[in-house]
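Report on one structure; see the data block that follows.
The values are calculated or read from the model by the stated rules, or taken from the named source; none is laboratory data. All values derive from a computational prediction rather than experimental measurement. Please note: Cβ atoms are built from the backbone with ideal geometry, for glycine as well, and neighbour counts cover all protein chains shown. Each accessible area value is taken on the protein alone, full model and side chains, heavy atoms only, with ligands, DNA and RNA left out. Shrake-Rupley method; radii C 1.70, N 1.55, O 1.52, S 1.80 Å.
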Amino acid sequence: MIGNWMQGAKLQMAHHKTEVLLVSNCKAVQRVVITVGEHAIASTRVFKYLGVMIDERLNFNSHVEYGFEKASKAINAIARIMPNNAGPSSSKRRPLASVSSSIRRYGGPAWVAALETKQNQRKAARSGLWPCEL
């Protein structure tokens, strides 16, 4: 059905980029495989859309983990290229804080409610980037 509609609209699908996500609040989330033309596309548990990780329950737990891990990696990468003479001064800590804050805040209105759970607060605390001002 999808393939026929796309042909009628003179569109082509990039099968290698296509993902399927079933959103459900049931305990056992079903898995499906959709066949479009000759390509089979299996459903995933999580996918990234515009830099925000969207999961099958729309609770954004995966985005909290992803965001804090990404911010931590960025801080470590930047800190390694900075000169380390007598410890980091405030002028050197400022760019690190700015990068971390920008990464953590990205897409905040979509996923900020996920930080209300204790599990996500523990993940954020373990990252060393908590508390964060959203």
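Identify all residues within segment 33-50 that are open to solvent by 30 Å² or more (accessible area, probe 1.4 Å), modelled with pLDDT of 85 or more and either part of a loop (DSSP other than H, G, I, E, B) or not charged (D, E, K, R) (or both); write none if there are none.
Once the filter is applied, which keeps residues that are open to solvent by 30 Å² or more (accessible area, probe 1.4 Å), modelled with pLDDT of 85 or more and either part of a loop (DSSP other than H, G, I, E, B) or not charged (D, E, K, R) (or both), segment 33-50 yields Val33, Ala40, Ala42, Thr44, Arg45, Val46, Phe47, Tyr49, Leu50.
Show the residue pairs meeting these rules: Cβ distance below 6 Å; 6+ apart or different chains; first residue within segment 29-54 and farther than 27 Å from Gly67 by Cα; second residue of a type in the set (Val, Ile, Thr) and surrounded by fewer than 12 Cβ atoms within 10 Å (Cβ to Cβ).
That search, which allows pairs on different chains as well, returns Ala40/Val33.
Residues are listed down the side, and each one gets a yes or a no for (1) under 17 Å from Ala124 (Cβ atoms); (2) assigned to a loop (DSSP other than H, G, I, E, B); (3) open to solvent by 70 Å² or more (accessible area, probe 1.4 Å); (4) modelled with pLDDT under 80:
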site: Met6; (1), (2), (3), (4): no, no, no, no
site: Leu11; (1), (2), (3), (4): no, yes, yes, no
site: Asn25; (1), (2), (3), (4): no, yes, yes, yes
site: Arg31; (1), (2), (3), (4): no, yes, yes, no
site: Ser72; (1), (2), (3), (4): yes, no, no, no
site: Asn84; (1), (2), (3), (4): no, yes, yes, yes
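Would you call Ala110 at pLDDT below 80, surrounded by fewer than 17 Cβ atoms within 10 Å (Cβ to Cβ), touching a Phe, Trp or Tyr at 6+ places or on another chain (Cβ under 9 Å) and not in a loop (DSSP other than H, G, I, E, B)?
Yes; evaluated as a whole, the condition is true for this residue.
What are the pairs with Cβ atoms under 6 angstrom where one residue, in segment 109-120, is touching a residue at least 12 places away in the same chain (Cβ under 8 Å) and the other, located anywhere, is exposed (fewer than 13 other Cβ atoms within 10 Å of the Cβ) and part of a helix (DSSP H, G or I)? Sequence gap at least six, or different chains.
none
Looking at this structure, is Ser62 open to solvent by 60 Å² or more (accessible area, probe 1.4 Å), closer than 28 Å to Gln119 by Cβ and in a helix (DSSP H, G or I)?
Here the answer is no, as Ser62 does not meet what is asked.
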